[in-house]
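A short write-up of the structure that comes next.
Derivation of every value follows stated rules applied to the coordinates shown; laboratory data play no part. As the structure is a computational prediction, the values presented were derived from the model and not from experiment. With ideal geometry, Cβ positions are generated from the backbone for all residues, glycine too; neighbour counts draw on all protein chains shown.
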Amino acid sequence: ANDGLSVPAPVPQTIRMAILTLHDVTAARRSEQMRADFIANASHELRTPLSSLLGFIETLRGPARDDPEAQDRFLAIMHDQASRMSRLVNDLLSLSRIELDEHMLPNGRVDVLDELENVIAALELKAAERRIRLILDAPDSVPRVAGDDDQLTQVFQNLVSNAIKYTREDSDVTVQVTVVDGAAVGFAGLPASGRRGGRGGARMVAVAVRDQGEGIARTHLPRLTERFYRVDAARSRAMGGTGLGLAIVKHIVNRHRGRLTIESEVGVGSAFTVYLPATDESLGAADSAARRK
Ligand code: ADP
C-alpha cells in the first residue's frame, strides 16, 4: 500500500520502452481513426447528392415522363446537385495535392495586391447578389511574398467568398493589406532558411478579411479548419459550401510557412488574417502604377 509519502521506485528501462510504444500505438490509431472518419465524411457528402440525382432520374423516367414543366424543375435541381458533387471532388483533389507537397516551400514570387484585385473582381457579382460591398484597403505597394500564385489565389478566394456567404446582406467586406513585423505576430523564432527574405527580413504581409456577419462562437474557433467541420451544416450546404474551404486554406498557409488567425465576435463579425513571409523584393513604382490602371 502507498502511504503517499514514499518516493516512487525508478521505472525500469523495459517498462519505459513499453510505455513509449503504447503512446505510438495511440497516435497511430488516432491518425487511422481520422483517416477513416475523413473517408466516411467524404462518402456521406457525395452520397447525399448522388441519391437525390438517382431519385430524380427515376422520376423523370416514370411519373414525370410527360410533364415538361416538372422536367425543367427537376433538371434544375439535378444540375445543382451535380455541381455540388463537382465542387466537392475538386476540393478533395486540391486538399490531397496540397498535402502531398506541404513540406516543399513554393519558389514563386507573388504580388499579393495583384492577386487580391483579381479575386475581388471575380467575386464582385456574387457579392452584389447579397448587396455586399467588397473593399480593398491596401498601400500602393507591398513586398512580394514567396509562394505559389494559384494556391494563394485559392486562399484569398476561399476567405472572401466565405465572408460573402456568411456576412449579413447589405454590408461591407473589407480586405486589408498591411506589412507587419514578424516578431510582433510571434514569428521571432523563424529559422533563417524559412524566411526566404534573407538578412533581417522578418517582415510579413498580412491580409485580413473582415465581415460584418453573425460571427462565430468561441467554442467553434479551434475546430474551424478541420475538414468538414461546419458551425451550421445545413446553412453551409445551402450556400454551396463543401466544408473543406478552411482546411484547404490552413494547409496552403502552412506550406507557405505562414500563419492563419481567426478572430470573431458573435453578432459583430469575423476577421480571418493570413500572414505570409515577405521577400526583400519590393514592387517597383512602375509595377504598382501599371497595376493601378
Ligand atoms: P464551408 O464550405 O462550409 O463554408 P469552410 O471550411 O470554408 O466550409 O468553413 C467552415 C465553417 O466555418 C463554415 O461552415 C462556417 O460555419 C464557418 N465560417 C467560415 N467563414 C465564416 C465567416 N466569415 N463567418 C462566419 N462563419 C464562417
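How would you classify the stretch 63-126 from its alpha-carbon gyration tensor, with a ≥ b ≥ c the square roots of the eigenvalues: rounded for a/c under 1.5, else prolate if a/b is greater than b/c, otherwise oblate?
It is oblate, given that a/c is not under 1.5 and a/b is not larger than b/c.
Which whole-Hz ³J(HN,Hα) couplings does the stretch 71-76 yield from phi under the Karplus relation 6.51 cos²θ - 1.76 cosθ + 1.60, θ = phi - 60°, glycine and proline marked x?
Each residue's phi maps through the Karplus curve to give 4, 4, 4, 5, 5, 5 Hz.
For the stretch 171-179, take each phi angle, set θ = phi - 60°, evaluate the Karplus expression 6.51 cos²θ - 1.76 cosθ + 1.60, and give the result in whole Hz per residue in order, putting x for glycine and proline.
9, 9, 10, 10, 10, 10, 10, 9, 10
Mind giving me the nanometre distance, one decimal, between the label points for E169 and D67, set 7 Å out from Cα along Cα→Cβ?
Computed distance between label sites E169 and D67 equals 3.0 nm.
Which ³J(HN,Hα) values, rounded to whole Hz and listed in residue order, are derived for the stretch 111-125 from phi using the Karplus coefficients 6.51, -1.76 and 1.60 in 6.51 cos²θ - 1.76 cosθ + 1.60 with θ = phi - 60°, glycine and proline given as x?
Ordered by residue, 3J(HN,Hα) equals 8, 4, 5, 4, 4, 5, 4, 5, 4, 5, 4, 6, 9, 3, 5 Hz.
Mind checking the full-extension length gain between I57 and E32? Use 0.36 nm per residue of separation minus the Cα-Cα distance, one decimal, nm.
The span from I57 to E32 would gain 5.3 nm if fully extended.
Compute the FRET efficiency between E265 and R237 as 1/(1 + (r/R0)^6), taking r as their Cβ-Cβ distance and R0 = 25 Å, and round to the nearest 0.05.
After rounding to 0.05, the efficiency reads 0.50.
What FRET efficiency, computed as 1/(1 + (r/R0)^6) with R0 = 30 Å and r the Cβ-Cβ distance, is obtained for E129 and S96, rounded to the nearest 0.05?
So the FRET efficiency works out to roughly 0.45.
Describe numerically, in nm with one decimal, the distance between label points set 7 Å from Cα along Cα→Cβ at E226 and at R87.
2.2
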